[in-house]
Each structure stands twice: as structure tokens, then as C-alpha cells.
1. Counting only residues that are without any contact (Cβ under 8 Å) to a residue 40 or more places away in the chain and within 25 Å of B:Leu113 (Cβ to Cβ), which one in segment B:4-45 is farthest from the other protein chains (Cβ to nearest Cβ)?
2. Output the residues belonging to segment A:29-52 that are open to solvent by 40 Å² or more (accessible area, probe 1.4 Å), touching a strand residue (DSSP E or B) at 6+ places or on another chain (Cβ under 7 Å) and of a type outside the set (A, V, I, L, M).
3. Is it fair to say A:Val114 is within 15 Å of A:Thr4 (Cα to Cα) and either modelled with pLDDT of 95 or more or surrounded by 21 or more Cβ atoms within 10 Å (Cβ to Cβ) (or both)?
4. I'd like to check something: does segment B:51-59 contain any residue that is more than 12 Å from every other protein chain (Cβ to nearest Cβ) and more than 10 Å from the chain's Cα centre (by Cα)?
5. At least 2 residues that are under 30 Å from B:Lys9 (Cα atoms) in each: list the strands (runs of 3 or more DSSP E) lying fully within segment A:12-80 that qualify.
6. Could you tell me which residue of segment B:57-111 is most open to solvent (accessible area, probe 1.4 Å), considering only residues that are among the hydrophobic types (A, V, I, L, M, F, W, C) and free of Cβ contacts under 8 Å to residues at least 40 places away in the same chain?
Amino acid sequence: DAKTTQPTSMDCAEGRAANLPCNHSTISGNEYVYWYRQIHSQGPQYIIHGLKNNETNEMASLIITEDRKSSTLILPHATLRDTAVYYCIVRVAGPDYSSNTGKLIFGQGTTLQVKP
Amino acid sequence: NAGVTQTPKFRVLKTGQSMTLLCAQDMNHEYMYWYRQDPGMGLRLIHYSVGEGTTAKGEVPDGYNVSRLKKQNFLLGLESAAPSQTSVYFCASTLAGGLGTQYFGPGTRLLVL
């Protein structure tokens, strides 16, 4: 699985959009970009994932560059409850069930502090 | 629907003692995982299972054993605990093929003295 690089920490004002970047320059064609977050030592929580198109759900939006070497997670209106460590993970999620173990390789993530 | 549950929530062991951590899921997931998380670090995979009766090693398997006798349960064993195994342990599960979201349990905090 490709390696990812994220900033160690970021601040965001409450109510503003939080934009969390992730670099994955060695991503290959069958690798997806996943985002998870971990709030105060709880179990990680899935946010969103994508392959090459931009994705949006009730929690966030994911913007993937055309060359797929980087992506940005956007929390449109950050709240204090969004303060967490955000992990960007690249992994294979293709149709070959025999080789897809679904393993997640976590880096150190980005600590997002949402401030009042 | 409880999702993924872990037992116990917290445990203190002395060096050399043994214990088993239990992970249970009620989502009929095929794949299950055990991770550990040390302070200030991301999660690291210990062992995983892609089906009942099967297990495989992850990144940091030494000092741990696992068993998956029932589809809904995944047990993590420490035969002889060491202080280096002080950590928070998370269990997760997902659908077959690893294509879906991984659902994580609340964690077990283990302190080895």
C-alpha cells in the first residue's frame, strides 16, 4: 500500500471549513484513499473514501487531484466535536478477494484542533 | 445491534501473567483485526482473520496469539505479558473482501507492570 504524508497538526475556527491535506504520490491505479478519525482515544471512525472522483457524504467531502497524488478532506462547518486525529490511508480495495485482506496502515495522522 | 464490543475495558497485569482479550461483532462480518496503539502513534496491526478458523500475522505479531473459532469472535492472547505490551488494543471488523468500512471497538487499555 502506498505511503501517505500529512501535516502533524492544524487549527480551525469553529464554523469555518477545515481543509486537511494528504500527499500520496506513490499511489497506484487500484488504490483507494480512505479517511478515518479518532476522537480522544476512542476507536477510529470511518469518514469517507474515494478512488478518483470527488466524493461527498453527510460528514465530509473528499477532493482528489486529477493525478491522484494528493487529496483534501473538507469538513464544511467544523464544530468543537470535530477535534480529533484524522488519518489518511491508501489501500487496495479491488475485486480480487483472494489478495485483499482489507488491512489498514495508519500513519500518525493530523491532529485537528477546532477552536471557539 | 451493538456493533463491535471488547472485553475487558481496562486491565492491569504483572510481567509474566497471561490474559485473553475478547472481541465480538454482531454484524456478520467475515474479516476481523486486532490493532495496538501506543501513545502519540497511529494504530499498528497485530493479527487479522479473513474468516472463521483462519488467522494471519500483521505488522507486530510477536508476543501475541489469536484464535477465530466462531465467526463473531476474535480472541487476542498474551501468554507472558511484558511491559512493552502496555498499550491500547482495538479490534475491528469488516465485510468479506475488505472492501467495506472497518468498524472499530471502543478499545481495551492494558497496563503491564
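The values are calculated or read from the model by the stated rules, or taken from the named source; none is laboratory data. These numbers were taken from a predicted model, which means no experiment stands behind them. When we count neighbours, we look across all protein chains shown, and the Cβ atoms used for this are built from the backbone with ideal geometry, even at glycine. Protein only, heavy atoms only, side chains kept; ligands, DNA and RNA dropped before computing areas. Shrake-Rupley method; radii C 1.70, N 1.55, O 1.52, S 1.80 Å.
1. Here is the first cut: in segment B:4-45, the residues without any contact (Cβ under 8 Å) to a residue 40 or more places away in the chain are B:39-42, B:44-45.
Right, trim to within 25 Å of B:Leu113 (Cβ to Cβ) and you get B:39-41, B:44.
Details: B:Pro39: 10, B:Gly40: 8, B:Met41: 6, B:Arg44: 7 Å.
Applying the filter and picking the extreme gives B:Pro39.
2. Applying the first criterion (open to solvent by 40 Å² or more (accessible area, probe 1.4 Å)) to segment A:29-52 yields A:29-30, A:32, A:39-42, A:45-46, A:49, A:51-52.
Keeping just the survivors that are touching a strand residue (DSSP E or B) at 6+ places or on another chain (Cβ under 7 Å) gives A:30, A:32, A:39, A:41, A:45-46, A:49, A:51-52.
Within segment A:29-52, A:Asn30, A:Tyr32, A:Ser41, A:Gln45, A:Tyr46, A:His49, A:Lys52 meet the criteria.
3. Numbers: within 15 Å of A:Thr4 (Cα to Cα): no; either modelled with pLDDT of 95 or more or surrounded by 21 or more Cβ atoms within 10 Å (Cβ to Cβ) (or both): yes.
No, not satisfied.
4. Yes, that holds for at least one residue.
5. Numbers: elements: A:18-23, A:31-38, A:45-50, A:61-64, A:70-75.
Where strands (runs of 3 or more DSSP E) fall fully within segment A:12-80 and carry at least 2 residues being under 30 Å from B:Lys9 (Cα atoms), they are A:31-38, A:45-50.
6. Filtering segment B:57-111 for residues among the hydrophobic types (A, V, I, L, M, F, W, C) gives B:60, B:66, B:69, B:74-76, B:78, B:81-82, B:88, B:90-92, B:95-96, B:99, B:104, B:110-111.
Narrowing the set further to residues that are free of Cβ contacts under 8 Å to residues at least 40 places away in the same chain leaves B:60, B:66, B:69, B:99.
Working: B:Val60: 37, B:Val66: 28, B:Leu69: 143, B:Leu99: 58 Å².
This residue is B:Leu69.
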